[in-house]
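J.: Take this structure, written in structure tokens, and hold onto it; I'll ask about it next.
Derivation of every value follows stated rules applied to the coordinates shown; laboratory data play no part. Note that the structure is predicted; figures quoted are calculated from it, not measured. Methodologically, a virtual Cβ is constructed for each residue, glycine included, from the backbone with ideal geometry; neighbour enumeration extends over all protein chains shown.
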Amino acid sequence: MEVPHHIAIIMDGNGRWARKRGLPRTAGHREGIKRVKEITKEAKRLGVKILTIFAFSTENWSRPKKELSFLFSSLENFLESYKKELIREDIRLVMIGRRDRINPEIIKKIEETERETARNKSFMLVIALDYGGRWDIVEATKKIMRDYENKKFKLEELSEDVVSAYLSLRSIPDPDLLIRTSGEQRMSNFLLWNLAYAEFYFPQVSWPDFKKEELRKALQTFAQRERRFGSL
Ligand code: IPE
Ligand code: IPE
Ligand code: MG
């Protein structure tokens, strides 16, 4: 069975999962965080090499303050409780997204974990935090223009590969499969450039219910897709 090298996931539906059970939205986020560790482990076991998860979008700042503070304190706990396992499992952690609006204490913890796992090779977990696909493209454009002004390359040399290298995922190969849980069928400003040829998969289950078996189903569906890349 062909296994995707890189999977991207829009982890959606935490709030709805909680509401259905008469619980506060935070209970859904708490359960969702458990799935991150579980799905990472299972993806690695199944032969996937890179997992990019959308944890917080540039638009998510418009949520109520209480939910924001819950999300970021959960993230802090997640990092603290997960670091040892990342090291033991040889998993590299990378964050993509804006680093200028998140509490500097949290950024410090993220960067510590990035440094301590930088040489890990078996698997890569990319967390998209305060990430937006449009932001990514604008940032890349600014850097490209700066380097052009500094004569780092000629205009004719600007190619798709060069632009890719300026984006957050840099040299990381494009996702082969995008999963968005909870039945919503939209990209919500995720990896706009990098998802150009990804296969899309939209299971009905919400993220807290996306357990190992659901990942296996997603991979089975992916294996049946015929990828053409514009060819015949
Ligand atoms: C995804 O679940 C988690 C984040 C966006 C942080 P939601 O919080 O969007 O849950 P729903 O979509 O309201 O159910
Ligand atoms: C997308 O989910 C962002 C993340 C999962 C982090 P949202 O719940 O924010 O997206 P919309 O608002 O339904 O498009
Ligand atoms: Mg949502």
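J.: Just the residues that are within 16 Å of ligand 2 (Cβ to nearest atom), part of a helix (DSSP H, G or I) and small (Gly, Ala, Ser), please, taken from the stretch 1-53.
T.: Those that are within 16 Å of ligand 2 (Cβ to nearest atom), part of a helix (DSSP H, G or I) and small (Gly, Ala, Ser): Gly15, Ala18, Gly28, Gly32.
J.: Still on this structure, I have one more. Hey, among Arg170, Arg180, Arg186, Arg146, which residue is within 16 Å of ligand 3 (Cβ to nearest atom), without any contact (Cβ under 8 Å) to a residue 12 or more places away in the chain and of a type outside the set (S, T, N, Q)? First the steps, then the outcome.
T.: Details: Arg170 fails: within 16 Å of ligand 3 (Cβ to nearest atom); Arg180 fails: without any contact (Cβ under 8 Å) to a residue 12 or more places away in the chain; Arg146 fails: within 16 Å of ligand 3 (Cβ to nearest atom).
On inspection, the qualifying residue turns out to be Arg186.
J.: Regarding Phe123, is this residue in contact (Cβ under 8 Å) with a residue 60 or more places away in the chain, within 14 Å of ligand 2 (Cβ to nearest atom) and surrounded by 15 or more Cβ atoms within 10 Å (Cβ to Cβ)? Steps first, answer last, please.
T.: Numbers: in contact (Cβ under 8 Å) with a residue 60 or more places away in the chain: yes; within 14 Å of ligand 2 (Cβ to nearest atom): no; surrounded by 15 or more Cβ atoms within 10 Å (Cβ to Cβ): yes.
No: the conditions fail for Phe123.
J.: Take the stretch 1-40 and flag every residue that is in contact with a Pro (Cβ under 6 Å, 6 or more places away or on another chain), within 22 Å of Pro175 (Cα to Cα) and near ligand 1 (Cβ under 8 Å from one of its atoms).
T.: Once the filter is applied, which keeps residues that are in contact with a Pro (Cβ under 6 Å, 6 or more places away or on another chain), within 22 Å of Pro175 (Cα to Cα) and near ligand 1 (Cβ under 8 Å from one of its atoms), the stretch 1-40 yields only Gly32.
J.: Right, next: Out of everything in the stretch 189-203 that is more than 14 Å from ligand 3 (Cβ to nearest atom) and not aromatic (Phe, Trp, Tyr), what residue ends up being farthest from His6 (Cα to Cα)?
T.: If we take residues in the stretch 189-203 being more than 14 Å from ligand 3 (Cβ to nearest atom) and not aromatic (Phe, Trp, Tyr), then Pro203 is farthest from His6 (Cα to Cα).
J.: Quick one: count up the residues across the stretch 59-102 that are of a type in the set (S, T, N, Q) and crowded, with 17+ Cβ neighbours inside 10 Å.
T.: Residues in the stretch 59-102 being of a type in the set (S, T, N, Q) and crowded, with 17+ Cβ neighbours inside 10 Å: 1 in total.
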